[in-house]
Amino acid sequence: MKQELKPRLYKLKTKNTPLSLLISTRNSRHKPLVHFDEEKGYNRALRYATNQKSIFEDEQDGHVIVGAVVFEDGFLKTKKEDVVLQKFLSLHPDNGIVFEEVDTERDAQEDLEYINYEVDALIAAREMELDQMEAIARVALGVDVDKVKTAELKRDILIFARNNPQEFLEALDNEDIALESMVKRMFTENLLSYRRKNREVYFNLKNNKKRMLLVKHGEDYVKATMSYFHTEEGMEALDALENKLLS
């Protein structure tokens, strides 16, 4: 596929960009610089030479002037005539890891997707029922909902939706969020209790103090209780405990 002739801008992906960064331009033991050629079926050594038409060592002649590739203040500008350099950068092993080509259309699309996520999340957060807010706050944010006012809860949910829209929307669609919140309430309101360093879970009802389940070593007692409630026996216990919560 023929490369489009146009100026290209590249940027470093690191957060703290150095004043200048020199990237490798030739293959070596210290820094392997190879590209797997699918047509030929083997790795080919790369080398950027200012006096060569190819970036592959096996296509270059004996007189090679190796060029330097330097990012200044995190950026590298190339002209449309810099075809060899642009090809070299496109196949460089650090492309996509250390640096990337600036693509304004792609960046705009990513920004648009994020904004849409943010709008959807904020609308969903504003229209949530209080019990949904409590469930997400209890599970995703680790908030003790019994100790916060409704206005504080709504504010925290909106902030969560604004700052982490995708995570918020995923939590909203996660059926286990509601179950986990309910299980935590059962322990908070003493309908269930745990003993022996969280290894055993017991009913804590007026007429039922029996052990409900054993928690496997290394397993969280809340997660273990959730798993139990997915069993046929556990579903009956869940119905009974849920009725107690709602009464």
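Looking only at the stretch 91-150, residues that are assigned to a helix (DSSP H, G or I), closer than 30 Å to PHE36 by Cβ and among the hydrophobic types (A, V, I, L, M, F, W, C) come to 1 in all.
Scan the stretch 190-215 for residues that are outside any strand (DSSP E or B) and modelled with pLDDT of 90 or more and jot them down. Quick ask: steps written out before the conclusion?
Going through the stretch 190-215, the residues outside any strand (DSSP E or B) turn out to be 190-191, 196-199, 204, 206-207, 209-210, 215.
Passing the criteria: ASN190, LEU191, ASN204, LYS209, LYS210, VAL215.
Within the stretch 38-54, one or more residues are at pLDDT 95 or above, of a type in the set (A, V, I, L, M, F, W, C) and over 22 Å from GLU4 (Cα atoms). Number of residues in the stretch 224-247 that are crowded, with 18+ Cβ neighbours inside 10 Å, under 35 Å from the mean Cα position of the chain (by Cα) and either farther than 14 Å from ALA178 by Cα or not assigned by TED's automatic domain parsing to the domain that holds THR188 (or both) equals 2. Residue-level check: of (1) under 23 Å from ILE23 (Cβ atoms); (2) in contact with a Pro (Cβ under 8 Å, 6 or more places away or on another chain), GLU118 misses just (1). Looking across LEU158, LEU192, one residue alone is free of Cβ contacts under 8 Å to residues at least 40 places away in the same chain and crowded, with 17+ Cβ neighbours inside 10 Å. It is LEU158.
A residue that is within 17 Å of LYS223 (Cα to Cα), in contact with a strand residue (DSSP E or B) (Cβ under 7 Å, 6 or more places away or on another chain) and crowded, with 16+ Cβ neighbours inside 10 Å occurs nowhere in the stretch 166-176.
So, restricting to strands (runs of 3 or more DSSP E) that lie completely within the stretch 12-83, which ones have at least 1 residues that are farther than 20 Å from PHE99 by Cβ?
Ranges flagged: 34-37, 42-45.
So is SER20 touching a residue at least 24 places away in the same chain (Cβ under 8 Å), among the hydroxyl-bearing types (Ser, Thr, Tyr), exposed (fewer than 13 other Cβ atoms within 10 Å of the Cβ) and out of contact with any Pro (no Cβ under 6 Å at 6 or more places or on another chain) or not?
Yes; evaluated as a whole, the condition is true for this residue.
Where residues in the stretch 84-111 are loosely packed, with under 11 Cβ neighbours inside 10 Å and over 18 Å from the mean Cα position of the chain (by Cα), which of them is nearest to LYS11 (Cα to Cα)? So, considering only residues that are loosely packed, with under 11 Cβ neighbours inside 10 Å and over 18 Å from the mean Cα position of the chain (by Cα), the one nearest to LYS11 (Cα to Cα) is THR104.
The values are calculated or read from the model by the stated rules, or taken from the named source; none is laboratory data. As the structure is a computational prediction, the values presented were derived from the model and not from experiment. All Cβ positions, even for glycine, are placed from backbone atoms using ideal geometry, and neighbour counts span all protein chains on display.
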